[in-house]
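The values are calculated or read from the model by the stated rules, or taken from the named source; none is laboratory data. Values in this document were obtained by computation on a predicted structure and should not be read as measured data. Positions of Cβ are backbone-derived with ideal geometry, glycine not excepted, and every protein chain shown enters the neighbour counts. Keep in mind that these areas ignore ligands, DNA and RNA; they rest on the heavy atoms of the full protein, side chains included. Shrake-Rupley method; radii C 1.70, N 1.55, O 1.52, S 1.80 Å.
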Amino acid sequence: MAYYTPINVHRKRTINQITQPPPPTRRSTRQKFGILLGVPILAILGTMINFLFLNLNELGFGIGAGMEEESMLSDFRKISSKARTNQQQRRQSTVEGEVVQAEVPVILSSSSNVNEQIKRDWCEQVAKARADLSPFLQIHYPCEKLQPATSAVVCMLTDGAAEGKDSKFFFTARDYINGIMTLGASLQGNIDPTQTHQLLLLRDGFELQPDDRIRLASVGWVIGTAPNFPLAREYVPRFPRYKTTYTKITAIGLGEYKCVMLMDADTLVIGNIQEIMKCNVFQHPNNRVAGTIDWYQKHWHLFNTGSILWKPSGKEMDRVFNLTKNTTFMKKYSSDQDFLNHVYPERLNNTLNSEIVTMDTPESRRDNSPLIPHEFAMQGSVVPMSWEYNAQTHAEVENMDFWKAHRDTVRILHFTEKKGWRCERRYDDPPPLKEMPNPCLKEIPICFCREAHLYWKLFDLAETIANETLALAKG
């Protein structure tokens, strides 16, 4: 496994390196006590913020709207102000020459022998789950920092254009980092962190600046690496944005989890997803993945991989990889999504797809199930996941009636035609659909960006959390 050294504020010595403490004066005792409590307090504060997100249903747009947005933002600012005061107090109590640990979040306390054993057990479970997976396809993350979990939300950072080299369809690494920051903030309160890990996986060779590691960790991401998917040159997609995205397929090999929700940087969680992360959706031995049908060129065609739930397996990962060596099957697919829709070809049938979509209603999905209860589809490799879990924003323009009928129950937004970071920065609710421009063209700021106010509000929250954490880290 790959392990990472915690990021520290650079002063003279760590707490553990102090071998000859000063005489136990009242002041020094108080200072040491403050240091020992400092980091746990930060962790508790993070938990409190997560609890606030969960119970106040932040921004008022989750399932079952809670308090008004301005009231929520006011409360968040109060918490942030109190955090700054606490940080100043902890810095004042820090002994000169010692180090304040800056890595967040703190997952488990290292002071408990029980917790240490739990962490060792998880690492052993990871190793056991990967025993039948080819080493060059294995994902690595710091398992020793994590308690056992049922599931994981996974996001991958595989590439990005240099600043100033981006285009209409190829985005910068900073764009993706900002999107992942915002996604991380949106997950707070919408997953159960005791049951679901939150993993950010960097493609081998992709470098993050130290400050970005701290910022991303501040919104819950545990950072690891994913391998370069060894794809023959003749099969690498032509479109620059998709040249490295086959790496995302390696999430299939995370066999230590019962299920893995793979989410792109252009997605946003706006409702509770704890139920689907319990991994009860795979009930038939044929089931491999749960995916939402794509609204593609005015047809229901393919399953969209921007937000997709895998039933992970090392053997299945090896099988999928071996297909890329099969000259009868393999060709230059346009993207990893195109490839996967041929590995699991059930959503190439538009007639069946339309039949499935007509059943995606609250009345059909009893007990608010995340799945569409189409009996035949439920027995296949691709389980039909509701639009709620991958609401593609181009449908707000291209399939307005469907969008209007399903918008109120959406839990995961997927910015497809225009990414959140490419939409005009605004915070007000969008106009009613009947008042939208007609035709609604890409050049018009509101078109394909009706939900951008949610992105920018959560982006600002993520920036607030990250800046607080960086301030603490840098003393």
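Quick look at the values:
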| quantity | calculated |
| --- | --- |
| Failed item in (1) surrounded by fewer than 20 Cβ atoms within 10 Å (Cβ to Cβ); (2) in a loop (DSSP other than H, G, I, E, B); (3) in contact (Cβ under 8 Å) with a residue 40 or more places away in the chain, with residue 163 passing the rest | (3) |
| Matching residues, segment 187-200, being touching a helix residue (DSSP H, G or I) at 6+ places or on another chain (Cβ under 8 Å), in a strand (DSSP E or B) and among the aliphatic types (A, V, I, L, M) | 200 |
| Of the criteria (1) surrounded by fewer than 22 Cβ atoms within 10 Å (Cβ to Cβ); (2) outside any loop (DSSP other than H, G, I, E, B); (3) in contact (Cβ under 8 Å) with a residue 40 or more places away in the chain, which one residue 331 fails | (2) |
| Members of segment 401-431 that are without any contact (Cβ under 8 Å) to a residue 24 or more places away in the chain and assigned to a loop (DSSP other than H, G, I, E, B) | 430, 431 |
| Members of segment 445-475 found to be open to solvent by 20 Å² or more (accessible area, probe 1.4 Å) and in a helix (DSSP H, G or I), listed by number | 456, 459, 460, 463, 464, 465, 467, 468, 470, 471 |
| Candidates 393, 464 - the one that is among the hydroxyl-bearing types (Ser, Thr, Tyr), touching a helix residue (DSSP H, G or I) at 6+ places or on another chain (Cβ under 8 Å) and touching a residue at least 40 places away in the same chain (Cβ under 8 Å) | 464 |
| Filter pass, residue 311 being in contact with a strand residue (DSSP E or B) (Cβ under 8 Å, 6 or more places away or on another chain) and either among the charged types (D, E, K, R) or modelled with pLDDT under 95 (or both) | yes |
| Of all residues making up segment 288-305, the number that are in contact (Cβ under 8 Å) with a residue 40 or more places away in the chain, open to solvent by 30 Å² or more (accessible area, probe 1.4 Å) and either among the charged types (D, E, K, R) or in a loop (DSSP other than H, G, I, E, B) (or both) | 2 |
| Filtered residues of segment 245-270 (kept if part of a loop (DSSP other than H, G, I, E, B) and over 14 Å from the mean Cα position of the chain (by Cα)) | 254, 255, 256, 257, 258 |
| Flag for residue 377 being small (Gly, Ala, Ser), open to solvent by less than 20 Å² (accessible area, probe 1.4 Å) and in contact (Cβ under 8 Å) with a residue 60 or more places away in the chain | no |
| Condition broken by residue 427, with the remaining ones in (1) modelled with pLDDT of 95 or more; (2) surrounded by 14 or more Cβ atoms within 10 Å (Cβ to Cβ); (3) within 28 Å of residue 274 (Cβ to Cβ) satisfied | (2) |
| Cβ-Cβ under 7 Å pairs, at least 6 apart or on other chains, segment 174-185 side in a helix (DSSP H, G or I), far side of a type in the set (Ser, Thr, Tyr) | 182/455; 183/267 |
| Options 434, 442; residue that is basic (Lys, Arg), surrounded by fewer than 19 Cβ atoms within 10 Å (Cβ to Cβ) and in a helix (DSSP H, G or I) | 434 |
| Check on residue 412, touching a Leu at 6+ places or on another chain (Cβ under 9 Å) and hydrophobic (A, V, I, L, M, F, W, C) | yes |
| Test: residue in segment 209-227 that is part of a loop (DSSP other than H, G, I, E, B), open to solvent by 10 Å² or more (accessible area, probe 1.4 Å), among the aliphatic types (A, V, I, L, M) and touching a residue at least 24 places away in the same chain (Cβ under 8 Å) | no |
| From the options 202, 254, residue that is in contact with a Leu (Cβ under 6 Å, 6 or more places away or on another chain) and open to solvent by less than 20 Å² (accessible area, probe 1.4 Å) | 202 |
